[in-house]
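The values are calculated or read from the model by the stated rules, or taken from the named source; none is laboratory data. Just so we're clear, the structure is a prediction, and the values are computed from it rather than from any experiment. As a convention, Cβ positions derive from the backbone with ideal geometry for all residues, glycine included, and neighbour counts pool all protein chains shown. Remember, those area values only see protein heavy atoms, side chains included, never the ligands or the DNA or RNA. Shrake-Rupley method; radii C 1.70, N 1.55, O 1.52, S 1.80 Å.
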Amino acid sequence: MDWSSDAGLTWTQVKLPFGSSYANLEGNAGCGAHSPILLSKASWIVAADCRTFDNPPQDLHFLYRTQDEGTSWSIGEYPGGSLFFLDSQKGWAFGKDIYQTTDGGGTWTQISTVLWDGQFSVVDIQNIWAVAQAGSQYALVRSSNGGGTWSIIDAQIVP
């Protein structure tokens, strides 16, 4: 992962460590970081997805947190998908299965399953919007209960 502290003028590579229980992944997995969340200058959350080179391969999903601008990291697992954190404790993992955490990613609860892929936007703890795609069909959907249920919005363009 690359990090800039000067609005992108210069970049520094930050190597996310594997936890001690996953030390054997070094050189045995391809990993990519995504969904960076900056809670403050010093406090960040980032997700990483790894696929092992084993036969059969294994998919692993990690949640990294730092409180000291990346000097040290706490590492946990998460269910996978794109991440969104409203604050340091409340977050979601969005995929076909939607999970929520209220303890900073320590535990995750599956709150719904959807049959579409989506681009999500969280307004607050209850209100979430998404552009949903199923095959070649698109819809604007909304949840008013934190992602538990979803309703299609009949969007109309008015002159």
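What accessible area per residue, rounded to a whole number of Å², is obtained for the stretch 1-118 using a probe radius of 1.4 Å? Provide the component values of the computation, followed by the final result.
Numbers: 6620 Å² over 118 residues.
In whole numbers, the stretch 1-118 has 56 Å² accessible per residue.
For the stretch 73-79, in order, what is each residue's ³J(HN,Hα) by Karplus, 6.51 cos²θ - 1.76 cosθ + 1.60 with θ = phi - 60°, in whole Hz (x at glycine and Pro)?
Those phi angles translate into 9, 9, 10, x, 9, 9, x Hz.
Treat each spin label as a single point 7 Å out from the Cα along the C-beta direction, and report the Ala33 to Ile111 distance in nm.
2.7
Report the residue, chosen from Glu77, Glu69, Glu26, that carries the largest GNM mean-square fluctuation when the chain is represented by alpha-carbon nodes joined by springs under 10 Å.
Comparing Glu77, Glu69, Glu26 in the GNM, the peak value goes to Glu26.
How high is the FRET efficiency from Ala134 to Ala23, r the C-beta distance, R0 25 Å, rounded to 0.05? Could you put the intermediate results ahead of the total?
Numbers: r = 40 Å, r/R0 = 1.62.
It comes to 0.05.
Rounded to a whole number, what % of the accessible area of the stretch 92-159 do carbon and sulfur atoms account for, probe 1.4 Å?
Numbers: 2170 of 4180 Å².
So the carbon and sulfur contribution to the accessible surface is 52 percent.
Can you run phi through the Karplus equation (6.51, -1.76, 1.60; θ = phi - 60°) for the stretch 87-104 and list ³J(HN,Hα) in whole Hz, with x for Gly and Pro?
My calculation for the stretch 87-104 gives 8, 5, 10, 9, x, 9, 10, 9, x, 5, 9, 10, 10, 10, 10, 10, 10, x Hz in order.
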